[in-house]
Amino acid sequence: MVKEVYAILPGEGQLGEGMFYKHLWKLPIPSKVKGLISRGTHNHLQTMGNLKKGKIIDDTTSFECISCNSSIEITTHLLFKCKFSYSIGARCYEWYGDERVLPADYFNHFWQHRGNINGKKTILAWGAVWASVIWALWKHRNDIKFNGVSRNLGVAMDALKHRAWTWCKANIHGFNSSLYVWSLDLANYLAQLI
């Protein structure tokens, strides 16, 4: 068991990142989502903090996180540290029937999410769920900022469940769950997917 855990933990420096990208490129998700995640790992998302740093916006513009209004909107805050994003992550684990303390960076978040999941199809489906959380947070943030949508945990969770299910249905051979079963009992479905 210990050997298995060390096999999935990231190594020092580039090794951990390299293993992360190796897994990322295999996930059954659209290329634009892989691109968003890759840009996020290098802090190249167009967050308010990055726009200010690049002098795209001036000091008169608010660059607080639009989801919580309590911190400067930078990539790690927006996707991992913000109260809203943390709540989404916690609800995702509730959906799976688990509780975890969530790390505040891409690599550790991904490796913890990967955890002790076994079976190729199960790993792909669970990875799609992780990517769907990242995508849902980014999309929800943009809907709040540009479309006047209110912050809503339920809407964001429903969107990420549907999106992950759609990606898995389209890209994993033998994935035959209905959206209803997928949405209600993720742990049991993933256990049967092996």
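The values are calculated or read from the model by the stated rules, or taken from the named source; none is laboratory data. Computed from a predicted structure; not experimentally measured. Here the Cβ is made from the backbone with ideal geometry for all residues, glycine too, and neighbour counts use every protein chain on show. Areas reflect the complete protein model, heavy atoms only, side chains present, ligands, DNA and RNA absent. Shrake-Rupley method; radii C 1.70, N 1.55, O 1.52, S 1.80 Å.
Numbers at a glance
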read-out: One residue from ASP185, ASP105, ASP98 being surrounded by fewer than 17 Cβ atoms within 10 Å (Cβ to Cβ) and within 16 Å of the chain's Cα centre (by Cα); value: ASP105
read-out: Residue selected from segment 1-40 under the condition modelled with pLDDT of 90 or more and not in a helix (DSSP H, G or I), by the criterion farthest from ILE117 (Cα to Cα); value: PRO30
read-out: When residues of segment 42-82 are limited to those that are open to solvent by 30 Å² or more (accessible area, probe 1.4 Å), touching an Asp or Glu at 6+ places or on another chain (Cβ under 8 Å) and not in a loop (DSSP other than H, G, I, E, B), the one farthest from GLY18 (Cα to Cα); value: GLU64
read-out: Contacts under 6 angstrom Cβ, first residue in segment 73-88 being farther than 15 Å from ILE144 by Cα, partner surrounded by fewer than 19 Cβ atoms within 10 Å (Cβ to Cβ) and among the basic types (Lys, Arg), 6 or more apart; value: none
read-out: Residue check for LYS161: more than 13 Å from the chain's Cα centre (by Cα), of a type in the set (D, E, K, R) and in a helix (DSSP H, G or I); value: no
read-out: Every residue from segment 152-165 that is surrounded by fewer than 17 Cβ atoms within 10 Å (Cβ to Cβ) and not small (Gly, Ala, Ser); value: ASN152, LEU153, VAL155, ASP158, HIS162
read-out: Segment 164-182, residues that are more than 16 Å from the chain's Cα centre (by Cα) and either in a helix (DSSP H, G or I) or under 24 Å from SER67 (Cβ atoms) (or both); value: LYS169, ALA170, ASN171, LEU179, TYR180, VAL181, TRP182
